[in-house]
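Take a look at the structure set out below.
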Protein chains: 2
Amino acid sequence: MKKIEEAEVIFQPLGRRFIIPIGESLYLAAKAANVESLCGGRGLCGKCRIIIKEGKSLISSPSVSEEKFLSKEEFIKGYRLACQAVVVNAGKIIVEIPFESRVGKQKLAVLGMEAKVELNPYIKKYFLEVPSPTLKDFKPDFERIIEALKLKYDLNIRRINYYALKKLPMTLRSSEFKVTLVIKAEKEIIDVEEENKEKELYGFAVDIGTTKVAGYLMDLNNGKVVATVSMMNPQIPYGEDVISRISYASKNPLNLEALHKTIIDGVNQLIKEACDKTNIDSKSIYELVIVGNTVMHHLFFNINPKFLGSSPYVPTLKSSFYVKSKEIGVGIHPEAEVYSLPLIAGFVGADAVADILATEIYKLKEKALLIDIGTNTEIILSNGSKLICCSTASGPAFEGAHITHGMRAATGAIEKVWINPEDLNPTYKTVDDEEPRGICGSGIVDAISEMLKAKIIDFNGRIKTEINNSRIRKNNNTIEYVIAWKEETAINKDITITQKDIFEIQLAKAAIYTGISILMNKFNVEPKELSKVFIAGAFGLYLNSESAKTIGMIPDIPLNKIIFAGNTAGSGARMALTSKKIRDEAENLVNEIKYIELAAEPNFEHEFASALRLPHKNVNLFPSVRKILNF
Amino acid sequence: MKKIEEAEVIFQPLGRRFIIPIGESLYLAAKAANVESLCGGRGLCGKCRIIIKEGKSLISSPSVSEEKFLSKEEFIKGYRLACQAVVVNAGKIIVEIPFESRVGKQKLAVLGMEAKVELNPYIKKYFLEVPSPTLKDFKPDFERIIEALKLKYDLNIRRINYYALKKLPMTLRSSEFKVTLVIKAEKEIIDVEEENKEKELYGFAVDIGTTKVAGYLMDLNNGKVVATVSMMNPQIPYGEDVISRISYASKNPLNLEALHKTIIDGVNQLIKEACDKTNIDSKSIYELVIVGNTVMHHLFFNINPKFLGSSPYVPTLKSSFYVKSKEIGVGIHPEAEVYSLPLIAGFVGADAVADILATEIYKLKEKALLIDIGTNTEIILSNGSKLICCSTASGPAFEGAHITHGMRAATGAIEKVWINPEDLNPTYKTVDDEEPRGICGSGIVDAISEMLKAKIIDFNGRIKTEINNSRIRKNNNTIEYVIAWKEETAINKDITITQKDIFEIQLAKAAIYTGISILMNKFNVEPKELSKVFIAGAFGLYLNSESAKTIGMIPDIPLNKIIFAGNTAGSGARMALTSKKIRDEAENLVNEIKYIELAAEPNFEHEFASALRLPHKNVNLFPSVRKILNF
Ligand code: FES
Ligand code: FES
């Protein structure tokens, strides 16, 4: 009899059952059972915590990474990291998902600031009624319709694609020479439809974020959104951030294909959802516009992102790009085009271009700044006539990764914090007002700003252990501040901000501020000269700008100059979908804008070191913060 | 036990064996066994004669069409038409193919007059060596190569197709940034290849005739033909002429698909043959140029030709047209384009445009005529500045169809005839100097011209039965002239020219001359003003122009003005393959040339009736013939 080479794994409390072969980790099953993960199963984030209730002996011994993330007591209780726990023997394993590892329903911001554009889509429809041929008028079908297009619409069409050409003779005659022509860029006929179908003209705009994908079904006859849909990026199981996806995709062509297929399937699912909602035929969608960072862009198009993963971070192309939907398997009209906005550089993608278009920072005749905060933060500075930009690796700390009790902005995340400077007791607000189970990016920024103002930490971010308060404590070599006692929480554990957490945030905010300051130096712009600071991205929407200023993440400017622009990547995609002109502007833009590679700047190290301080080594840069902190 | 529902059919003398289900005719098996057929199995040509040696009772009783084409004695001997003989019972059938029904090796003319063109193909290759990216020069791959193309070759490329884009990053790095770019129309990169592959740049030109397909593999670096290949049009089993193929294709979409697939397969076979001959990789063929009459064009592109089959004979388009090879399944480079020269009208196709290009009649500053003789004869007239054209249904008589002993210009065909006016005995020459087994188009024209000169027939084409000569006789209601006694022939039968045959040729030549004369009237051109008469097409190559003049098929002009241009359709295709400029000229041409629909001309009937006479009712139009005939 052959030995059974698999283990049966049951995840509680949901009771989901998986069969896992010997030699494989519990990671994929855990992902399917909604266990949190930020590093794509590489043992780096420590978020995929599970508890083995039964079958410990069937699992490998703890890995180095588990020793780092889990305490001895936790091991005794059965805690493991799912991605490190490898099945070594056949049998039955029962797993519990602790509350803190459960992925909650995440807040997905899908709206953003949007500039008005003149409706002029790339694809248009024209109804025509042409005379039928006679012995005196025996023009061929194609020449008959182009003559009529010239006459009725003053269009000079010279081309027809193969798909439409094949349909042309039968369609003309089956609908008595009354047809609707679908025309691309006022140049080429891409379909010929029976009768008058002018009304059925839709487009779909997609913003592919590393974490989130948002889609907008638009009526191209009026430029209005008819359905908004969104989902988590289905590539997340392959890696939480762009770097882990690059490394996965670069390993072999099948991996690349898998990542590509996953996002295409995801986009198709969004399209279907939007069409189902509105009862619109997906074949009436004649164009798809996508924006995304450079890595998402490359993966969407099945282009190997390998060289985006190492210096000098070279993309395959930055120009805008068209490809037929059928060539990449997008389920809309078969002859529809998929258009991508242009990119700027390896880490300043089409999403940043969309930000620029949506905020119209490129049209301002004033000095202004645009910051799109994410794992990579893109920064664009206008001196009133020119644009300059950079990208900075701010890391995933604002998304909760690398933070002891960090989590995304999902149910139960502490998102706002106030600290009473007298007794050092905090007040907080959680997402959905549920019992806290962690702290998200905006909560951490708030907490550190409040800790600074309450003098719990000093300008170097050091927690003052000399303060005598039960919330400030040493715990296994860790110094921390307790935000929520375990009795208040949903995870039955104290939620704290550790010294390490503070340092992670200092690194992140210093990265951002260094980028800002290097750009401002290049253009010789002072903070006070800025007329506007746009903060784009979902994270920005929840950020307390006062706190961000206090910790020195953004320049010290009056709050009324700060504009939270929201998901401008999606807005830019929608603008490009409804306006051909915007596409030309985008193309000009990326050729004009100068990209600064921060790593190549001689004063980078020095700027960075100064920006690590709270708010900054040069306190004169932050006069209003100085006033509040009173030094 | 289930009854056997099939018959086993063996064709002698080759012994080929077929299984034919009850209800099906012997036609397809006969075709496969090389039995002649000119009507595509519709019982119209009477050429698919076979002899049933065994199993007569397994076959249907004679059809109306067989009663027309076969005599009582022949029936007794077992003669049948393969396309009419339907299997009605299971069993074994032995069939003999009589000599006259065997398809010989046909002469296929593949060469033709060709104008010199400047080498400037649509697809070119450029070798590039680009610097690899650094921290100071981090341009994306695409922008890196377009910059280098500008620098080294002064090219302004803005586009890259999806196929090449996907390959770009890996190819650049696997060949150390030395790559060969394949560029279309100096506009778009369609492939990127490792190292220097500039030498491997080929194109393929195809001339799709109703009967014959010729292919030319060309080196696009020097414009030279490296291999010439040809085959019978594999669509022939579906119908010998364009009308029968239109009617077959129009019946249902599957039929159209079958005809389309058949010609694509045929072209692929030619490509393979040419590549095998020369050891060239078919993936190094970057473009295919096709020419053909309008019906062949439509069928090649899978466009329904239905409306070419009835008045007003409207094509789907006349403009030139590009489609990707992968879209229609041509086995060359997957991103290669298939280009078709433009058409002029329903019965004046891209082959006629190729004729015009190859003969350069459109550049002449003199009055000139171009005649491409075939089942449809295209006629183009230049008045020294403008072109006018028409098409005339000259029928398949010149190809041997509808002629009692007619056959194609294959082995054993009588191709030249002289008649001694004294004793009325003929001398003849056959193809390959084999014993005669029929008479081909040029032989018939010769024979009739000689019969006219020997006064065997009168100006109305009537055989003078009053002449007392054993070669002139009445035979079963048929009046005929014996060209070869059965002892001389390979078919053991007298080969004759019947009164009906003469009438068929009169109809055919009258159709041609009517077209010529209507065009000449339009432009007010007299025969003597013509500086050149080009005769294009394979048939033209064998035609005795003196005889053609004598019977009034072409205008009476000095022989030194007649130019036998050969297969100019192929030449035009090759010119278009090597020169982008020729394509523009072709496009202008078809917009300038005026097409005359003969059926709509008020004097058509009258002109036709006059042209039925030998040489013509108005003998003054044929002064030199008048002199010879002495009236
Ligand atoms: S450590 Fe397991 S998913 Fe990150
Ligand atoms: S009659 Fe049989 S093929 Fe023409």
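Below are the figures for this structure:
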| read-out | value |
| --- | --- |
| Loop-resident sites, region A:109-185, for GluC sites (Glu not before Pro), counting at most 14 other Cβ within 10 Å (DSSP) | A:GLU118, A:GLU176 |
| Cβ-placed point charges (K, R +1; D, E -1), dipole of region B:407-495 about Cα centre in debye, nearest 20 | 380 debye |
| Angstrom value of the Kirkwood radius, inverse mean 1/r, which spans all Cα pairs in region B:39-143 | 19.7 Å |
| Number of partner chain Cβ atoms within 10 Å, mean per residue of B:128-136 | 2 |
| Share of pairwise Cα separations in the protein assembly as shown, more than 50 Å, in percent | 47 percent |
| Assigned charges on the beta-carbon of Lys, Arg, Asp, Glu; region B:6-101 dipole about Cα centre (debye) | 60 debye |
| Average other protein chain Cβ within 10 Å of Cβ, residues A:244-253 | 0 |
| For chain A, with +1 on Lys and Arg beta carbons and -1 on Asp and Glu, the positive-most of A:THR228, A:ASN425, A:ILE50 along the dipole | A:ILE50 |
| Positive-end residue, the protein assembly as shown charge dipole about Cα centroid, Cβ charges, pick of A:SER25, B:LEU288, A:SER624 | A:SER25 |
| Cβ-based charge dipole, chain B, positive-most Cα from B:GLY552, B:GLY566, B:PHE321 | B:PHE321 |
| Label-point separation, B:TRP485 to B:GLU466 (7 Å along Cα→Cβ), nm | 2.8 nm |
| Rg in Å to one decimal, and Dmax rounded to a whole Å, for region A:74-191 via C-alpha atoms | 30.5, 94 |
| Order of A:PHE539, B:PHE604 under a 10 Å beta carbon neighbour criterion, fewest first | B:PHE604, A:PHE539 |
| Neighbour-count ranking [beta-carbon atoms within 10 angstrom, fewest first] of A:PHE300, A:PHE564 | A:PHE564, A:PHE300 |
| Residues B:SER60, A:SER571, A:SER310 arranged by fewest to most Cβ contacts within 10 Å | A:SER310, B:SER60, A:SER571 |
| For B:HIS333, residues with placed amide H under 5 Å, excluding near neighbours | B:ILE285 |
| Solvent-free Debye scattering, log10 I(q)/I(0), computed from the Cα coordinates of region B:6-101 at q = 0.11 Å⁻¹ | -0.24 |
| Reduced Cα scattering model of chain B, Debye log10 I(q)/I(0), q = 0.05 Å⁻¹ | -0.27 |
| Three semi-axes of the equivalent ellipsoid, region A:341-453, Cα gyration tensor, whole Å, largest first | 34, 17, 12 |
| Eligible lysines near B:LYS72 by straight Cα distance, threshold 30 Å, same-chain separation 8 or greater | B:LYS31, B:LYS47, B:LYS53, B:LYS56, B:LYS92, B:LYS464, B:LYS474, B:LYS486, B:LYS493, B:LYS500 |
| Per-residue mean of C-beta atoms belonging to partner chains within 10 Å, peptide A:164-170 | 6 |
| Region B:455-549: GluC sites (Glu not before Pro) in DSSP coil with no more than 15 other Cβ atoms inside 10 Å | B:GLU466, B:GLU487, B:GLU488 |
| Calculated P(r) of region B:202-350 - Cα pairs past 27 Å, % | 18 percent |
| Histogram of C-alpha separations across region A:490-631, 10 Å bin width, % | 10, 31, 34, 18, 6, 1 |
| Chain A - mean residue ellipticity at 222 nm from DSSP helices (-39,500 (n - 2.57) per run, n ≥ 4, rounded to 500) | -9000 deg cm²/dmol |
| For region A:280-364: Kirkwood Rh in Å [reciprocal of mean 1/r, alpha carbons] | 13.7 Å |
| A:ILE563 long-range amide H proximity, modeled H, under 5 Å | A:VAL533, A:PHE534, A:ILE535 |
| Unit charges on C-beta of K, R, D, E only; dipole of chain B, Debye | 440 debye |
| For chain A: relative contact order, % (alpha-carbon pairs under 8 angstrom, 6 or more apart) | 13 percent |
| Region B:1-62, Rg to Rh (Cα coordinates; Rh as Kirkwood inverse mean 1/r) | 0.97 |
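Read-outs: derived from the displayed coordinates by stated rules, not from any lab. The structure displayed is predicted, hence computed values, not measured ones. Reconstructed Cβ throughout: ideal geometry from the backbone, glycine too, with neighbour counts over all protein chains shown.
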